[in-house]
Structures are given as structure tokens and as C-alpha cells.
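Right, one structure below, let's go through it.
Values in this text are rule-based calculations from the coordinates and carry no lab data. Computed from a predicted structure; not experimentally measured.
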Amino acid sequence: MGCRKFTTFFETNEGNVSTSTLTFTPTQRDNNTALMCRAENTNLPNAVQEDEVKLNVYYPPTLRLELGKGINPNDIEEGDNVYFECHVNSNPPAYKVVWKHNGVPIQGNTRAGVILITQNLAFQSIQRTQAGNYSCVASNVEGDGTSNIIALNVMCE
């Protein structure tokens with residue numbers, strides 16, 4: 001939250017006690033930031049009281065799908081090794097990542113050269129039948145998130 005100061009609050013004064021209540025809706029951006037409360041009394045200049053709490057904001061996954069580094073999407077031929085990376089941002093962490101090809105979940109098959117390792121999908125010696133639209137879906141207790149789609153073209157050798 002940086003140094004944002006909140007201006008919407010409720011305050012009550014009862015004798016020697018003041019109570020301030022702040023109500024706000026934190027966003028994903030506020031996760032792991034500190035919320036500080038500071039009390040001062042002009043009659044006691046050296047008696048400043050402060051307390052802070054680190055915010056733990058839960059939010060559903062947001063995803064970004066990318067082809068592996070160094071892979072030219074316009075130059076993929078049969079027999080090439082191709083891999084994807086699914087970048088997941090969520091709190092709490094995702095408990096499941098599902099890979100999809102043309103909207104259908106993919107099953108790992110190391111014998112066929114299809115390797116699934118959580119946030120990575122790799123094809124050893126890719127075939128033209130594996131061309132199509134790829135995406136990933138991640139889930140946590142707050143919900144599901146779906147990545148962008150990457151259209152993969154595989155040319156003949």
C-alpha cells in the first residue's frame with residue numbers, strides 16, 4: 001500500500017478513550033503490505049503508539065502462458081523439442097494446474113514425449129498432430145484462473 005493514507009474512517013470519543021475504525025476492501029496489490037495504526041496525544045508528546053499488521057489477501061489465480069525461452073513460434077518443425085511455462089500468481093498458492101490442448105485436458109505420457117511438471121509442459125520430438133491452442137488453468141481455494149491461449153503451429157520437417 002506504500003504510504004497511502006486512508007481518509008474514510010469512523011471515530012468515537014468516550015472520556016479518555018478514542019476508538020477509530022477503518023473499513024476498506026484490500027486488493028491483490030495489497031497482499032504482503034503493512035497496515036499501520038498510529039496514535040498520538042498532544043499532551044504527551046513522547047508517547048506515540050504504533051502498531052502494524054501485514055496483510056494476507058486471498059485472491060484467485062491469474063495466469064500468463066509463455067513458450068519456453070529461445071523458442072521461435074514461427075519456426076517449430078516436427079521433431080523439435082517445445083515447452084511451455086504457466087506463470088501463476090495466487091494467494092494462497094494454487095493446489096492444481098491443468099494443461100489444455102484445444103480445450104481438452106492433457107494427460108502426461110513420457111513414452112510419447114509429453115511431460116507435465118506442474119507449471120511446465122514439454123514435448124519431446126513434437127508432432128504435427130500436437131499443433132493447436134494451448135492454455136493452462138490453475139485453482140486455489142478462492143477459485144480458478146485461466147491463462148491466455150497460445151496457438152502452436154507445427155510445420156513439416
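Only one of the listed values, (1) 16.4, 50; (2) 25.1, 84; (3) 20.5, 81, was derived from the coordinates as Rg and Dmax of the Cα atoms in Å; which label is it? After the calculation, the listed value that fits is (2).
How long is the gain from Asn72 to Ala34 if the chain were fully straight, where each residue apart is worth 0.36 nm and the alpha carbon distance is subtracted? Please list the in-between numbers first.
Working: separation 38, 0.36 × 38 = 13.68 nm, distance 4.23 nm.
Here the segment from Asn72 to Ala34 would lengthen by 9.5 nm.
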